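The values are calculated or read from the model by the stated rules, or taken from the named source; none is laboratory data. Computed from a predicted structure; not experimentally measured. Here the Cβ positions follow ideal geometry from the backbone for every residue, glycine too, while neighbour counts run over all protein chains shown. These accessible areas exclude ligands, DNA and RNA; they are computed on the full protein's heavy atoms, side chains included. Shrake-Rupley method; radii C 1.70, N 1.55, O 1.52, S 1.80 Å.
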Amino acid sequence: MDPTRVDVLALPVVEIELSRLSSVCSPRTSGEDPEHVETLLSAEWELPPILVHRPTMQVVDGLHRLKVARVRGDTKIMARFIEGTESDAFVMAVEANIRHGLPLSLADRKRAAVQIIGTHPQWSDRRVASATGISAGTVADLRRRGGENGNQARIGRDGRIRPVDSAERRKLAAELIRNDPGLSLRQVAKQVGISPETVRDVRGRLERGESPTPDGTRRLRTKPHPLSLTEPDLSQTVDRERLAMLERLKADPALRLSEVGRILLRLLTMHSIDGQEWERIVRGVPPHLYGVVAGFARDHARVWAGFADHLENRATDLAAG
């Protein structure tokens with residue numbers, strides 16, 4: 001089982017007895033937060049099912065919901081079961097506890113990252129960072145402190161195996177661009193495991209006839225050739241995992257119970273429409289407004305990019321602290 005690719009919402013819901021459950025392996029070392037328990041106790045909606053590792057009956061996600069059930073005097077609770085190893089279940093527990101509900105503390109996330117590095121050493125820094133909610137740089141630092149020299153290749157968040165050496169990644173990006181010049185920056189970045197800006201730099205180097213790596217300043221023997229551009233592909237459907245994550249965000253009390261959180265959820269929902277719907281919108285724009293609407297779209301894209309940068313910088317600052 002790949003713990004980062006389980007569609008939790010597709011799992012069947014069953015009713016189980018509280019006496020059968022254990023929470024000893026929770027990544028939340030401080031235990032339940034009384035204020036969060038009170039918030040859930042006063043909730044007027046039905047709390048979502050907890051997540052349980054069937055082989056051990058350990059609660060993977062739902063420590064506070066379990067506490068609420070016990071405070072209410074319930075003997076049973078609704079739950080979903082997952083299979084797999086205990087180490088995979090721990091990854092799911094960490095990921096669930098940083099995506100919704102009461103977030104894990106920074107110390108808990110770092111401890112979780114150290115444990116995941118030990119149980120999943122083949123995972124890339126970005127993949128561990130994605131599961132634990134800390135920056136990839138912090139994961140790399142924790143990996144170095146642990147004395148791990150790393151594999152020559154690691155598995156990324158999308159399941160692809162990639163070399164650790166950034167120079168090799170640039171060469172792979174260059175090969176993709178040469179074979180299919182119409183690929184977008186993000187498409188190449190996703191396949192190779194580097195940022196779109198790095199792909200942009202690689203593309204520029206190829207257009208100038210230079211080596212794709214910064215240290216290789218010599219001109220390539222082949223003549224530079226202009227890279228043709230193609231229309232962006234809007235027909236792709238929205239990523240199923242991202243939609244599932246959006247549904248979990250909608251159920252998160254930390255967002256649902258605040259005005260800012262509800263605004264954010266509306267914005268995320270608005271921009272998560274299917275690719276075919278985007279195509280319909282594109283066809284519906286009057287020709288005399290193409291330039292105006294395109295300008296607004298690019299401005300909004302820059303706002304979202306800046307928003308993402310702010311969040312990532314805050315995560316980095318927290319990790320550094």
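Some observations on this one:
- Hits in region 58-85 (condition: on the phi > 0 side of the Ramachandran plot and in contact (Cβ under 8 Å) with a residue 40 or more places away in the chain): GLY84
- Test result for HIS64, assigned to a helix (DSSP H, G or I), in contact with a Leu (Cβ under 9 Å, 6 or more places away or on another chain), surrounded by 13 or more Cβ atoms within 10 Å (Cβ to Cβ) and modelled with pLDDT under 85: no
- When VAL114 is tested against (1) open to solvent by less than 50 Å² (accessible area, probe 1.4 Å); (2) modelled with pLDDT of 85 or more, exactly one condition is not met: (1).
- Residues within region 67-86 that are open to solvent by less than 20 Å² (accessible area, probe 1.4 Å) and either out of contact with any strand residue (DSSP E or B) (no Cβ under 9 Å at 6 or more places or on another chain) or not in a strand (DSSP E or B) (or both), tallied: 2
- Pair list, Cβ under 6 Å, 6 or more apart: region 122-139 residue on the phi > 0 side of the Ramachandran plot, other residue modelled with pLDDT of 85 or more and open to solvent by 30 Å² or more (accessible area, probe 1.4 Å): GLY133/ARG109
- A single member of GLU46, GLU15 is more than 19 Å from ALA254 (Cβ to Cβ) and open to solvent by 50 Å² or more (accessible area, probe 1.4 Å), and it is GLU15.
- Members of region 255-291 found to be closer than 30 Å to VAL37 by Cβ and open to solvent by less than 60 Å² (accessible area, probe 1.4 Å), listed by number: LEU255, SER258, GLY261, LEU264, LEU265, LEU268, THR269
- The listed residue being in contact with a Pro (Cβ under 6 Å, 6 or more places away or on another chain) and either over 25 Å from VAL13 (Cα atoms) or surrounded by 18 or more Cβ atoms within 10 Å (Cβ to Cβ) (or both), out of ALA89, ALA129, ALA93: ALA93
- Reported count of residues in region 31-57, each being touching a residue at least 24 places away in the same chain (Cβ under 8 Å) and assigned to a helix (DSSP H, G or I), is 5.
- Index of the failed condition, ARG28 passing every other in (1) of a type in the set (D, E, K, R); (2) open to solvent by 40 Å² or more (accessible area, probe 1.4 Å); (3) in a loop (DSSP other than H, G, I, E, B): (2)
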